[in-house]
Each structure stands twice: as structure tokens, then as C-alpha cells.
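Taken together, the values in this text are just the output of simple stated rules run on the coordinates, not laboratory data. Predicted model, so just to flag it, every value in this text is computed and none were measured. Using ideal geometry, Cβ is built from the backbone for each residue, glycine included, and neighbour counts are taken over all protein chains shown.
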């Protein structure tokens, strides 16, 4: 983690205003029914909800990238984990260790995210996803060679989803790192995980 305490503290659900609840698209009864106890609300939500208008605008895009992408969940998580690693976002990478497991990545593969496209764990298509992520992060541009490789393995809309997933999680990593969002309970510390301590 870049910071050990939040610069902008999270707001606990029992303290949310009506405006904050509306940004989530729920009322108090919805909150009680769908979220339950406050410990089930992630720190990223409890932090970003401080700015309800921005949160509401961002949520639709974030939901597309995470839940409605044309990428297979495994491919999506390779991209997200790689950009989280490149941004050194402990919160982002840690959350997606859990999500990555659910998407079919094993711990060895997720540790290889830190190595990059040259790790022996990846198929050609997966190597290309990592290369595209690296190039977008470094130069905001996918090279001609890598773009040609992408077109061999992925449809047009999937290429859009790669680009927008990198953009989304680069942006979110900047917010998480800069505001000091802290790990949720049970989420691995990413550097310890990669180094084999988790």
C-alpha cells in the first residue's frame, strides 16, 4: 500500500445521506436488504460515495467494464491485474486476486502478472493482452505489431474492452492510491502475495 492511512476517509453506510443512497440507486430499505451489515461494503465504495454525482456517473462505466465486457472473465482479469500491478495499486491488485481466482486464474498465474508477458504461464493471446496493457500504460498507444496480434485473437469489440478496461483501472488505481483507500478485511497484500508470503 502506498499509504497506511486514508487521506480521504470512508463514510460508513449508516452515515450515508439520502443523496449518497440515491447515487447507489437505493433507499434505506434497499441498503438493509441488499448490503446488510456495513462490513460488506467495500472501502472503495465508502470512499467514492463521498462525491455522489461523480460516483453515479462513474458507476455505469465501471459496471460495464467489470460485468458486461465482451472479454472472457479470465482475459478481463489478466488485463485488470496487470494494470493494477503497473500502477502499484495495492487495493486494486489485492481485490482482483480474489476476483481473479473466481475467473479461473491460479495463484501462480497471478504472481506471474508481475513478471509480464515473458512469463511462461501465458498463451499467445494472453501474452498479447499483457503487452497491450503495458503499451497503453507506458505510451497511451498500442503499437502496430501488438494491435495486429490482438486482431488475431480478439474481436473488434473485445479490443475496445481491453482499451477501456486499462483506462478504467488506471484511473481507479490513481484514485485509490492518491486517496489512500485501505484494504478490506481478508484481502491479500499484493506485494506479499507476489513474493509468496500469502
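Structural remarks
- Per-residue Cβ neighbour rank within 10 angstrom, fewest leading, 82, 76, 101: 101, 76, 82
- You can think of it this way: the chain between residue 40 and residue 192 has 52.3 nm of extra reach, that is 0.36 nm per residue less the Cα-Cα gap.
- Potential extension, residue 68-residue 101 segment - 0.36 nm per residue separation minus Cα distance: 10.0 nm
- The chain - mean residue ellipticity at 222 nm from DSSP helices (-39,500 (n - 2.57) per run, n ≥ 4, rounded to 500): -17500 deg cm²/dmol
- The stretch 147-175 and the stretch 77-95 have Cα centres separated by 14 Å.
- Those residues of the stretch 137-171 whose amide nitrogen sits under 20 Å from the label point placed on residue 125, 7 Å along Cα→Cβ: 145-166
- Cα long-axis angle, helix 52-63 against the chain (0 to 90 degrees, to the nearest 10): 40
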